[in-house]
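Every read-out reported here was derived from the displayed coordinates using simple, explicitly stated rules and does not represent laboratory data. Nothing here was measured: the structure is a model prediction, and the numbers come from that model. Cβ coordinates were reconstructed from backbone atoms using ideal geometry, including for glycine residues, and neighbour counts include every protein chain displayed.
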Amino acid sequence: MATDELAGRSAPRTAARDPGEAPGRSLPVAAVAVETPLAHLDRVFEYTVPDELTADAVPGARVRVRFAGRDLEGFVLERRAQPEHDGRLSPLRRVVSPEPVLTPEVRTLARAVADRYAGTLSDVLRLALPKRHATAERNLPLHPPAHAAPDPAETADPADPADPAGQADAAGQADAADSRTPFPPAPEPGPWAAYPAGPAWLRRLAEGGSPGAAWSALPTRRRDDDWPRAFAVAAATALAGGRGSLLVVPDHRDVARLDRELTEVLGVGRHVRLTADQGPQARYTAWLKVLRGHVRVVIGTRAAAFAPVHHLGLVAWWDDGDDLLAEPRAPYHQTGVVLSLRAGQCGAALLAGGFVRSLRTQVEVEAGRLVAVSAAATVVRAAAPVVTVAGEGLDEERDGPAARAHLPSRAWRVAKDALVDGPVLVQVPRRGYLPSLSCAECRSAVRCARCAGPMALGSSGAPPACRWCGTTMATSGFECTHCGARRLRSAVTGARRTAEEIGRAFPGVPVIASGSGEVLAEVGPEPAIVIATPGAEPVAEGGYTAVLLLDAWASLDLPVLDAPLESLRRWAAAAALARPGRAVVLSGVPEVVVLPAVEALVRWDPAWLAERELAERRELGLPPAARFVQLTGPRRALDDALTHLDLPAGASVLGPMPVSTSRAGEAAPAGQVAPAAQSSHARHERPGDRRDDTGPDWHVFVRIDSERTLELTRALSSLRAFRSARKDAEVVTVRVDPHESW
C-alpha cells in the first residue's frame with residue numbers, strides 16, 4: 001500500500017467536539033474513522049476539508065474518502081485547526097450526509113465495546129448505525145411537528161468563528177425543541193407496588209438518580225401486572241423527569257407486547273421501535289426521530305442498544321440469559337454488557353429484569369452494583385404455578401413405568417382436566433420429527449457413514465437422513481456398528497412427532513404448533529393444545545390452564561456450563577404463562593440425583609440457583625469468576641497466533657483442541673471433528689482418522705481473572721492488528737466470553 005494513498009494518521013484519540021458547534025474554515029482538518037475491516041487500520045485518519053464541504057462535514061457526519069486506492073465511507077469524529085500528521089493530507093471526496101449520525105455518546109460507547117471485546121470500532125459502528133436512507137432523511141421534519149423550530153439565535157452564537165453562518169447542527173436544534181415538550185406526569189407504581197424495593201427504585205429514578213436493579217419478576221397473566229407494563233411504568237417515570245429510556249428485549253414478539261403497553265401508558269407517538277424486521281426506510285426514520293429529539297423512549301432488539309437517545313436516564317433489558325441478546329457477528333458482544341457500559345458512561349439508571357437471574361447479573365448483585373428487587377415469599381407462592389415432577393413418587397400406584405414415558409400418565413390427566421376451560425401449553429425441547437435415532441438393542445446413537453453426523457427422521461415414512469450433510473440411509477440397510485442389530489428406535493422426540501402423539505391422545509382437540517418456521521405471538525382462550533419449542537411459546541389470552549414441560553433431560557444435558565440455568569430459564573418462561581395456581585408438570589427428569597434446577601423450579605426460587613452456581617464457579621475458577629476468550633481457526637494459524645500473543649501475567653492457555661460441537665449444538669462422537677460450517681462437501685473422515693491441521697476446526701481458550709479483562713483484550717487487539725498487517729490468509733476468530741463457556 002503506497003504511503004500517498006493513505007491519509008495521515010493520528011495516534012492519540014482526542015475527544016470529539018460538541019455536536020452543537022458547526023466547524024468553519026478555521027478548522028480545515030477532519031479526523032475520520034474509516035469503515036474498513038482490517039484490524040491494523042483501527043485508528044483515526046486525517047483529511048483536509050475542501051471549502052465547499054466545510055459547512056456539511058460536521059462531527060458525526062457520513063463522508064466518503066480516498067483510502068488505499070478506493071473510495072470508502074467513514075465518519076467525521078472531529079474538526080481540527082492543525083493536523084497531527086506531518087505528511088500531505090488527502091481531501092474529503094464528499095459528504096454523504098450532513099446528518100450528525102455518530103453522536104459523541106454513541107462513539108464513546110462503540111469504542112468501549114470494541115475495547116471490551118477485542119474488536120474494532122468499524123465492526124461496532126457497522127452494527128450500531130443503520131444504513132442511510134435519503135428519502136427518510138428528507139421527509140422527516142428536523143423538529144418535532146407539534147412545536148415551532150427554535151430561533152437559531154437560541155442555539156448558536158453568530159459571533160463564534162467556528163459557526164460563521166450562525167447555524168447549529170440538527171442534533172442541537174432538535175434537543176432545544178424537545179426541551180419545550182410537556183412531559184407527562186409520573187405514573188403510579190402499578191406492578192412495582194408488589195415489590196418492597198420497587199417504589200423506592202422508581203422514586204430515585206424520578207429524582208434523576210441512577211439506581212441499578214436486578215428485578216426478579218413475578219409470573220402473572222394480568223396485563224396490568226405483567227413485565228411489559230412494569231417496563232412501561234419505569235420508562236414513563238424517567239420521561240416525567242425529562243430523561244429518555246432505552247428498553248431492549250430478545251425478539252419481535254416481546255417488542256410487540258412492550259409497544260402495546262407503552263402506547264397505553266405514554267400515549268401515541270411518544271416512543272419508537274427499532275428492530276431488524278423493519279424495512280430500511282422505516283428503521284432509519286425511527287432512528288432519526290430519536291436523533292432529532294422527536295421521541296425519548298426507544299424499544300427494540302439488541303441493535304437498539306446504540307440508539308442516540310437524548311438525556312438518557314434509563315437503560316433496561318429483559319431476560320439477560322436469552323442467547324438472542326448475544327450478537328452473532330464480530331465483535332460478538334452481549335447486549336447486557338453494552339447497556340451496562342452505557343449506563344455507566346451517561347449516569348443512567350439500570351434495570352435487568354427476568355424470571356431467572358443470569359450469573360452475569362448475580363455477579364453485579366453480590367458486588368453491590370445492582371440491588372435485588374424481588375417480591376416477598378408469600379407473594380411469590382401466591383403468584384407462582386404449582387409445579388410437580390412426573391414420577392417423583394406421588395402417584396406410583398397409578399403411574400408405574402408410564403411415569404417415564406414421553407407423555408407421562410400424570411401429564412395426560414392434568415392436560416385432560418385443564419382442557420375443560422382453556423388452552424394447555426406443551427413445551428418440547430427439540431424441533432423436528434425424530435431429531436435423533438439410536439439402535440433398538442444397544443441404544444448406541446446412529447451416525448452417518450459419510451461424516452459421522454446424527455441421523456434423524458424428518459417426517460413419518462421418510463428415510464433417515466444426516467442432519468449435517470443430508471445423506472439418506474435405507475432403513476432396511478441399517479446395521480449397528482456396535483452390536484449388529486438392524487432395528488432403529490427414536491432417541492429424541494421432536495415437536496412435530498409430539499404433536500402427532502398428542503393429537504391421537506386427545507381426539508377432537510385442536511393442536512397448534514409454534515416453532516421453527518412459524519412462531520406464534522398469541523393464542524385465544526379456547527381449549528386447545530399448543531406445542532412449542534423453547535422461546536417460541538405464544539402468550540395465551542388469560543393464561544394457560546396447564547403447562548407440560550416434556551423431556552427435561554434434553555435441556556439438562558446441554559453441553560454447556562450454563563445447562564442448569566438455561567434449563568430453568570426455559571422452564572420458567574413457559575411456566576410463567578400459566579394462570580396463577582394452575583398445574584405445571586415437568587417430565588423426563590433423571591432419577592439418579594436431586595437436581596438443583598428442578599428444585600429451583602418447584603420452589604420458584606431462581607435467585608437461589610444463581611447464588612449456588614456462582615459459588616461453585618468461583619471455587620472452580622470458571623466463568624464468570626474468570627474471563628475466558630476463545631480463539632478459533634486452523635491448527636497452524638492458532639500455533640502461530642499463540643507464539644505472537646503477548647499474554648498478561650496470570651493468563652493461562654487451554655488447548656489447542658479440536659472443535660467438538662456441530663452447528664446444531666450437538667456433540668460429535670469422540671475422535672470426530674464436527675465442522676462449524678458443515679456442508680454437502682463434508683470430509684469423508686471416520687473416528688480415529690488423522691485430522692487435517694489446515695481445517696478451521698481447532699480452538700484454544702485463554703483464561704484470566706475477570707478484573708484483568710482489558711489487559712487481555714488489548715493484547716488480543718494487538719495480535720489481530722499484527723496478523724492483519726502481515727496479511728495472513730488464515731483467519732483466527734477471537735470471541736470474548738464465548739457462549740459455550742457460560
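Side notes on the structure shown:
- Percent of C-alpha pairs per 5 Å bin in the range 200-268, short distances first: 3, 16, 25, 26, 20, 9, 1.
- P(r) weight above 16 Å for the range 44-136, C-alpha pairs, percent: 58 percent
- Extent along principal axes [Cα atoms of the range 231-297; Å; largest to smallest]: 32, 27, 18
- Think of the range 216-363 as a dipole: +1 on every Lys or Arg Cβ, -1 on every Asp or Glu Cβ, centred on the Cα centre; then among Ser358, Leu239, Tyr332, Leu239 lies furthest on the positive end.
- Phi-based couplings in Hz for the range 350-356 (Karplus 6.51, -1.76, 1.60; Gly and Pro marked x): 10, 9, 10, x, x, 6, 10
- Computed over the Cα atoms of the range 495-577, the ratio of the radius of gyration to the Kirkwood radius (Rg/Rh) comes to 0.98.
- Kirkwood Rh, Cα atoms: Rg over Rh of the range 231-349: 0.93
- Extent along principal axes [Cα atoms of the range 293-346; Å; largest to smallest]: 31, 21, 20
- Debye-sum result for the range 266-306 in log10 I(q)/I(0), which assumes one identical scatterer on each alpha carbon, at q = 0.14, 0.19, 0.33 Å⁻¹: -0.26, -0.49, -1.25
- Here the dipole of the range 60-149 is about 320 debye; that uses its Cα centre as origin and unit charges on the Cβ of Lys and Arg (positive) and Asp and Glu (negative).
- Rg/Rg_globular for the range 597-660, with Rg_globular taken as 2.2 N^0.38 Å and Rg from C-alpha atoms: 1.63
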